[in-house]
Every structure is written in C-alpha cells, then in structure tokens.
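Down below is the structure, laid out as structure tokens.
The values are calculated or read from the model by the stated rules, or taken from the named source; none is laboratory data. Just so we're clear, the structure is a prediction, and the values are computed from it rather than from any experiment. Note: ideal-geometry Cβ built from the backbone for every residue, glycine included; neighbour counts use all protein chains shown.
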C-alpha cells in the first residue's frame, strides 16, 4: 500500500512522514490555497528527506512554471489537479500523477463509459491516476469522501491512488474494502488547517496495515 501525505509545509512534518514510512509527500504550489508552500520552504523540505518521493501539486498552471518549480525544488513527480489534458501531462517531462474527479451522483455505467477510458489512457502513458470526489469550485483536498462502491469498482480494474475523505480512523476499512494501489490524505491529518504529528503517524500506520490483516 502506497501512502501519500499531501499539503506538507514544514520540515518537521516531512521528517515525520519519512520516519513513518510514507511513500510520497505532496508540496502544494496552487495559488490561493491554505496549503500553498513557498519556494524557499519547499527547497528546505526537499533537502531534508532522502527516502520519500516528492510531489509538486499544481492546477492549470503554465507548463514552464511547473517545470521550473520541479527543477528548483528537486521534485520527483508533478501532480496535476486541474483540467490538464493528456498532451499537457506528456509535456511536463517528469513522472505525473493526474487527478480524476468523480461526481458522487454518478452510477457505475456512467463511470465505465466516461472515467474508465480516461484512466486507461493515463496508465497506458505511464501516468498515475488519483481518484477523488468532484467538488464544484475546488481543485481537491476538501475532505469530501468519494462513493466507496464506485471507488471499489474503479480499483478492481485499475491501480489508483484513492483520495477524499480519508482519515486515520477510516483509512483501514477503506483500504480493506476498496483495495486501491495507494491512498492520499490532506485534510484528514490536519487540525485547524495544520498537520499534526500524531495524525500523520496514525494514518500511515493504519493505511499500511489495512490490507495486511
């Protein structure tokens, strides 16, 4: 089980993620969001860790800007959380995680007709799909839980990162039921919009143990 802790904004949280065996940390560079990290802080965080893949989170930003930040901060992945198309993803020149947003009111027939081809195309092009709930006016990280039955159908057919509404308390059951390739959390390890050490440690532990019992 791969675990990504998103919205890391300081070295302390990054080191907690690393010591707790997270696989990815996400550094958010989307303007006007409370998790946004500045370049100097991102460089400091990046330099502080050795074993975790570092993901820059972007949304509908110019490719040149995205690539510049990835290079400056020595990042491993770009996570694209906006309306970027496949051509955009392929021009980044770095490994990509692409957010796919699912309408909670969708049914499985609609998912198979519309979402399955998108995910299949991403995977064919070596892009990792991250599946989360569609929230109007948001790029993600809202803590809105996706339909678990829809998520299960998707995870049975594709290796996905599951995001949305995951917390230290529910992640084990979600992993057991849906069986995704990986999970992603942001708001679920925050208290008053700040990450807490205990929540990060508990989330990673429960996610990693969820599919092993």
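How many residues are touching a residue at least 40 places away in the same chain (Cβ under 8 Å), surrounded by fewer than 17 Cβ atoms within 10 Å (Cβ to Cβ) and more than 18 Å from residue 19 (Cα to Cα) if we restrict to the range 185-203?
So the answer is 1.
Looking at 5, 70, which is the one that is assigned to a helix (DSSP H, G or I) and touching a strand residue (DSSP E or B) at 6+ places or on another chain (Cβ under 7 Å)?
Result of the check over 5, 70: 70.
Cβ-Cβ distance below 9 Å, separation of 6 or more or different chains: which pairs start in the range 105-123 with a residue that is closer than 14 Å to residue 151 by Cβ and end on one that is modelled with pLDDT under 90 and exposed (fewer than 13 other Cβ atoms within 10 Å of the Cβ)?
Every condition considered, the pairs that remain are 108/149.
Look at residue 45 and say whether it is out of contact with any strand residue (DSSP E or B) (no Cβ under 6 Å at 6 or more places or on another chain), buried (at least 18 other Cβ atoms within 10 Å of the Cβ) and in a helix (DSSP H, G or I).
Against the criterion (out of contact with any strand residue (DSSP E or B) (no Cβ under 6 Å at 6 or more places or on another chain), buried (at least 18 other Cβ atoms within 10 Å of the Cβ) and in a helix (DSSP H, G or I)), residue 45 qualifies.
Return the residues of the range 11-29 that are touching a helix residue (DSSP H, G or I) at 6+ places or on another chain (Cβ under 6 Å) and more than 21 Å from residue 39 (Cα to Cα); say none if nothing qualifies.
Those that are touching a helix residue (DSSP H, G or I) at 6+ places or on another chain (Cβ under 6 Å) and more than 21 Å from residue 39 (Cα to Cα): 20, 22.
Look at the range 16-32 and say how many of its residues are within 16 Å of residue 51 (Cβ to Cβ) and part of a loop (DSSP other than H, G, I, E, B).
Matching residues across the range 16-32 total 4.
From the residues in the range 94-151 that are modelled with pLDDT under 95 and on the phi > 0 side of the Ramachandran plot, which one is farthest from the chain's Cα centre (by Cα)?
137
Checking residue 100 against (1) assigned to a loop (DSSP other than H, G, I, E, B); (2) surrounded by 13 or more Cβ atoms within 10 Å (Cβ to Cβ), which single condition isn't satisfied?
(1)
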